[in-house]
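Have a look at the structure below, then the notes.
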Amino acid sequence: MSEPTPKPGTASTRLAAVWGSPIRHSASPAMHNAGFAALGLDWRYVAFEVAPERLAVAREGARAMGFCGVYLTVPHKVLALGLMDVLDASAEAWGAVNTVVFEAENAEGVWTPVGQLRSVTGPVRLCGHNTDADAIVRALRDDLLIEPRGARVLLLGAGGAGKAAALRLADEGVETLWLQNRTASKAAGLAAEIAQRFPAVDVRVGLPDTDVEILIHATSSGLKPEDPLPLDLASYPLARADGVYDMIYRPAETPLLRAARQAGCRTANGLGMLLYQGAAAFELWTGRPAPVDVMRTALVREVQGHPGESR
Ligand code: ATR
């Protein structure tokens, strides 16, 4: 069956985008464009390679061009905190921004997503949200089939994605959380924040000296084919984890997930997390319920059709 020809983009086409570096292999355009098409919306979602030093310039370009929404990925999620005009409670709570909603005042003077307004006359502001944090909890439950509450968790990575996951899992009531990061001081800073905000959680820096229920990989090492495994298996054998979640979704089975499967662990890749946070972003931008099944099918097709690597 041939693909329907998309309508040409015009001045009334609504624009959303993903910005990151590297971005070439992002599967999120397939997911969002399929969602827009399923609802008959004249929207487009495009991937842009944006270096961190150009993020502020990109922000002003998007504001001037009437963008409705932007999704942020590596390495922008923490940097963006200081570049928003206003932060939603989710970005405040989880310390990172992955979804930007462009807003303007409606006729009653209420700030409203630009994508839900007929026209925009006044100033536009950028509101930063975090939809990653809830998505990791849902992915652990639905895809890895492990309940995070009360679990012992080893988290690799303390960048934007790792930080949001750590804070959200602490809020969810994990029992013990080990934070392992290349830059140990970043893991220590995050551990101090968790200890202060979630005193019931036993938080430690480094590798566990015991088994864990969940191991989560949240670094960007593995986005390139030549990257080494993100964990020294001699220091922490994967057989010590019941389940391993890799936020990378391409290839569907990363070297870490393959090793985990061979060690007898339950495994899941980052596809579910991408889908759940993407569906939440879709709803924030458009104000319409996301067609999750359509978006999932498009994502799986995109990832299976192009064996690049991405998160
Ligand atoms: P994101 O917002 O997607 O988390 P980020 O904030 O740039 O992106 O974080 C990247 C994460 O991957 C960090 O934990 C980073 O470790 P550092 O804090 O030491 O920078 C980790 N990371 C990136 N490249 C890595 C590599 N080659 N080896 C190990 N960890 C790496």
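The values are calculated or read from the model by the stated rules, or taken from the named source; none is laboratory data. A quick note: this is a predicted structure, and the numbers were derived from the prediction, not measured. We place every Cβ from the backbone using ideal geometry, glycine too, and count neighbours over all the protein chains shown. When the accessible area is computed, the model is the full protein with side chains, heavy atoms only, and any ligands, DNA or RNA have been set aside. Shrake-Rupley method; radii C 1.70, N 1.55, O 1.52, S 1.80 Å.
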Exercise for review: Look through 97, 78 and report the one residue that is at pLDDT below 95 and closer than 30 Å to residue 215 by Cβ.
Suggested key: 78
**Study point:** Count of segment 38-78 residues which are under 20 Å from residue 274 (Cα atoms) and free of Cβ contacts under 8 Å to residues at least 40 places away in the same chain
**Key:** 7
Check your understanding: With (1) β-branched (Val, Ile, Thr); (2) open to solvent by less than 60 Å² (accessible area, probe 1.4 Å); (3) within 13 Å of the ligand (Cβ to nearest atom) as the list, and residue 205 as the residue in question, which single condition is left unmet?
Key -> (2)
Point to revise | Filtered residues of segment 232-254 (kept if closer than 24 Å to residue 73 by Cβ and among the polar types (S, T, N, Q)) | key: 254
Check your understanding: Within segment 159-176, how many residues turn out to be open to solvent by 10 Å² or more (accessible area, probe 1.4 Å), within 13 Å of the ligand (Cβ to nearest atom) and out of contact with any Asp or Glu (no Cβ under 9 Å at 6 or more places or on another chain)?
Key -> 1
Practice item. Write out, first by first residue and then by second, each pair whose Cβ atoms fall under 6 Å of each other, whose residues are 6+ apart or on separate chains, and whose first residue, in segment 121-135, is farther than 20 Å from residue 93 by Cβ and of a type in the set (A, V, I, L, M) while the second is open to solvent by 20 Å² or more (accessible area, probe 1.4 Å) and assigned to a helix (DSSP H, G or I). Key: 124/63
Point to revise | Every pair of residues 6+ apart whose Cβ atoms lie under 6 Å, when the first sits in segment 224-242 and is touching a residue at least 60 places away in the same chain (Cβ under 8 Å) while the second is open to solvent by less than 80 Å² (accessible area, probe 1.4 Å) and polar (S, T, N, Q) | key: 230/219; 230/221
Practice item. Search segment 263-286 for residues that are more than 11 Å from residue 249 (Cα to Cα) and pair each with any residue that is among the acidic types (Asp, Glu) and open to solvent by less than 20 Å² (accessible area, probe 1.4 Å) when their beta-carbon atoms are under 6 Å apart and the residues are at least 6 apart or on different chains. Key: 277/132
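One line per residue, one yes/no per condition, for (1) farther than 21 Å from residue 248 by Cβ; (2) in contact with a strand residue (DSSP E or B) (Cβ under 6 Å, 6 or more places away or on another chain); (3) at pLDDT below 95; (4) open to solvent by less than 30 Å² (accessible area, probe 1.4 Å):
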position: 1; (1), (2), (3), (4): yes, no, yes, no
position: 18; (1), (2), (3), (4): no, yes, no, yes
position: 37; (1), (2), (3), (4): yes, no, no, no
position: 48; (1), (2), (3), (4): no, yes, no, no
position: 116; (1), (2), (3), (4): yes, no, no, no
Check your understanding: Looking at 223, 215, 257, 229, which is the one that is away from the ligand (no atom under 13 Å from the Cβ) and closer than 25 Å to residue 78 by Cα?
Key -> 215
